[in-house]
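I have placed the structure first, in the form of structure tokens, so that the comments after it can refer back to it.
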Amino acid sequence: MDTRTKADELVSINPADGSEVGRVAITTPLELDAIVARGQAAFRNSGWKELMPHKRAEVLHAIANGLLAEKEPLATLQMRDNGKPIAECRGMVDYAVGAFRYYASVCETLETDVTPRRGDYVSFTVLEPYGVVAAINPWNSPIMNDAAKVAPALAAGNAVILKPSEDAPLLAPELARIAAAAGLPDGLLQVVQGRGAEVGAALVAHKGVGMISFTGGTTTGRVIGRVAGERIVPVALELGGKSPHVVFADADLDHAVAAVAAGIFGSSGQSCVAGSRLLVEESVHDEVVARLVDRAKRIVLAAPDAKGVEMGPLASFHHRERVHAFVEGARAEGGRVLCGGSAPEGEDYGAGAYYLPTVIDGLPHDAVSCQDEAFGPVLVVLPFKNEADLVEMANGTDFGLACGIWTENFKKAWRTGRALEAGSVWINTYKQSVTSTPFGGFKDSGIGREKGIDGLRLYAQVKSMFFGLQENPLPIAK
Ligand code: NDP
């Protein structure tokens, strides 16, 4: 009933019903060497990095067209690979299409600087690719996360080796196939498969890899960061979160409650930016919690392709065990489970990795379950007295990925938004994450920014160039 591995292959299991979806071969160490060598050869010899940006953009647009042409099969494959509702999977294919189109445009239009002269020369900057980029992604949103790395890395002129999670391995090869059919030169986008601690670790440590872009948990991020530091290669880390969702008493409570529910129960909570801590002002605490629990109990938990589905299963059976262990831990710490806290009962759910939307209160802010990421549909509720109290609690975790703030007072929104330590601040909205706006974490939530123009610069190094204009030979001493 799980993602089973044999020695030489991974088997993807549909978490909605336990059936087998597909198999991929695990990359051997010898194959990895050959793949890196092929990537390096493509980087040096394919002409990709020398191609005029508008010509590179044409290929990126062709990849976007290829993805769009296969939107439905790709969305269905992702749904079966990791159990996300079909509407979300369609949205993620759209996101991937948009990422390739956006980075085609950035590639064509990105300008570098002519820097102020301080002598007899003209000085300016150009951007150079790193070579072979290792792009490592988690299982929660494969087609979206893959495009978010591959599109800007290719746009910047690199070759890419993509390593998907062993728990959702089927989308990355599809992207590589579509890119090749769209005219991307051979070897510029390759996929390796296997367990993170083996194939992922070998990829990161490989001396032919010139840059690492990782999305995943903070523990793994630290391991990869250490290797990158030792090798002195640049690394981007998009890591976990325990994002505070703040509701002030003066908020539009209809909108706030809907957003808090969407922020934690969307994608079954398997989102790095899930609003997993509700910080609610004391005077509206009881009303907000009652409405939220009512909403949570009415969520349509069903097969990912069922009509009206709001929450599907978790991505794997072993992940459901982890989420349930987290809830048991919260109980042991004295938390009151107001709803959920178990797998649902009934024959519709028996074969799948479903888990009920869960709301827990009564915990102190420093409880482990208020500090650690559950990566599931589990919300902890913490009341606050005033702004100072709120800011201290909201910032009182090691994470700093995102936050939401609900208030009708724009000055309070500004003050709070500036005070909270988070890479993304959503005021009177939540979980807006778009290709055109930088995304990344403060503190233990990461280093570097993906998306936006910064997202292309992430995959390029600045070279400064000087053209001498002096009439006389350069003196030894100046
Ligand atoms: P992991 O950190 O366990 O794994 C992420 C990826 O890294 C997988 O492909 C994994 O392979 C691989 N990996 C594991 N160990 C190593 C290693 N030593 N060297 C190289 N690669 C390795 O995270 P999860 O897959 O469990 O994903 C959940 C986490 O991802 C959560 O913490 C979540 O917050 C975070 N995340 C962050 C996002 C962001 O943008 N900030 C977005 C989405 C998720 P394998 O799976 O085969 O072990």
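The values are calculated or read from the model by the stated rules, or taken from the named source; none is laboratory data. Everything numeric in this text was worked out from a predicted model, so none of it was measured. Reconstructed Cβ throughout: ideal geometry from the backbone, glycine too, with neighbour counts over all protein chains shown.
Checking Leu184, Leu154 one by one, the residue that is under 19 Å from the mean Cα position of the chain (by Cα), under 21 Å from Tyr103 (Cα atoms) and away from the ligand (no atom under 13 Å from the Cβ) is Leu154 and no other.
Of the conditions (1) closer than 25 Å to Leu74 by Cα; (2) assigned to a helix (DSSP H, G or I), Val133 clears all except one; give me its number. Only one criterion is unmet by Val133, namely (2).
Using beta carbons and a limit of 7 Å, which pairs, at least six apart or on different chains, have the first residue in the range 314-334 and touching a residue at least 12 places away in the same chain (Cβ under 8 Å) and the second one charged (D, E, K, R)? Every condition considered, the pairs that remain are Leu314/Arg320; Ala315/Asp167; Ser316/Asp2; Ser316/Asp167; Phe317/Asp2; His318/Asp2.
In the condition set (1) among the charged types (D, E, K, R); (2) more than 16 Å from the ligand (Cβ to nearest atom); (3) touching a residue at least 12 places away in the same chain (Cβ under 8 Å); (4) more than 17 Å from Pro357 (Cβ to Cβ), Arg231 is compliant with all but (2). Among the residues of the range 392-407, those identified as crowded, with 19+ Cβ neighbours inside 10 Å and in contact with an Asp or Glu (Cβ under 9 Å, 6 or more places away or on another chain) are Ala394, Thr397, Phe399, Gly400, Leu401, Cys403, Trp406, Thr407. Checking each residue in the range 245-278 for being over 24 Å from Ala388 (Cα atoms) and of a type in the set (A, V, I, L, M) picks out Ala258, Ala261, Ala262, Ile264. The single condition among (1) of a type in the set (Asp, Glu); (2) in a loop (DSSP other than H, G, I, E, B); (3) within 16 Å of the ligand (Cβ to nearest atom) that Glu198 does not satisfy is (2).
Considering only the range 289-309, I want to know if a residue exists there that is crowded, with 18+ Cβ neighbours inside 10 Å, within 16 Å of the ligand (Cβ to nearest atom) and touching a residue at least 24 places away in the same chain (Cβ under 8 Å). Looking for residues that are crowded, with 18+ Cβ neighbours inside 10 Å, within 16 Å of the ligand (Cβ to nearest atom) and touching a residue at least 24 places away in the same chain (Cβ under 8 Å), one finds none in the range 289-309, hence no. The criterion of being β-branched (Val, Ile, Thr), over 30 Å from His365 (Cα atoms) and in a helix (DSSP H, G or I) does not hold for Val209.
Considering the range 211-224, the residues that are more than 9 Å from the ligand (Cβ to nearest atom) and surrounded by 20 or more Cβ atoms within 10 Å (Cβ to Cβ) include one that is nearest to Val380 (Cα to Cα), namely Ser213. Only one entry in Gly400, Gly396, Gly404 is modelled with pLDDT of 95 or more, in the same structural domain as His285 (by TED's automatic domain parsing) and not in a loop (DSSP other than H, G, I, E, B), namely Gly404.
For Gly275, the conditions (1) within 14 Å of the ligand (Cβ to nearest atom); (2) in contact (Cβ under 8 Å) with a residue 24 or more places away in the chain; (3) surrounded by fewer than 24 Cβ atoms within 10 Å (Cβ to Cβ) all hold with the exception of (3).
Test Ala62 against the stated conditions and say whether it is in a helix (DSSP H, G or I), small (Gly, Ala, Ser) and free of Cβ contacts under 8 Å to residues at least 24 places away in the same chain.
no
One line per residue, one yes/no per condition, for (1) of a type in the set (Lys, Arg); (2) not in a strand (DSSP E or B):
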| residue | (1), (2) |
| --- | --- |
| Ser123 | no, no |
| Val126 | no, no |
| Trp139 | no, yes |
| Ile143 | no, yes |
| Lys149 | yes, yes |
| Ala153 | no, yes |
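Among the residues of the range 437-457, are any at pLDDT below 95, within 15 Å of the ligand (Cβ to nearest atom), within 14 Å of the chain's Cα centre (by Cα) and not in a strand (DSSP E or B)? The answer is no, given that none of the residues of the range 437-457 is at pLDDT below 95, within 15 Å of the ligand (Cβ to nearest atom), within 14 Å of the chain's Cα centre (by Cα) and not in a strand (DSSP E or B).
Could you tell me whether Leu74 is farther than 21 Å from Lys451 by Cα, assigned to a helix (DSSP H, G or I) and in contact with a helix residue (DSSP H, G or I) (Cβ under 6 Å, 6 or more places away or on another chain)? Spelling it out, Leu74 is indeed farther than 21 Å from Lys451 by Cα, assigned to a helix (DSSP H, G or I) and in contact with a helix residue (DSSP H, G or I) (Cβ under 6 Å, 6 or more places away or on another chain). Residue under question is Ile178, and the condition is that it be aliphatic (A, V, I, L, M) and assigned to a helix (DSSP H, G or I); does it hold? For Ile178, the condition - aliphatic (A, V, I, L, M) and assigned to a helix (DSSP H, G or I) - is met.
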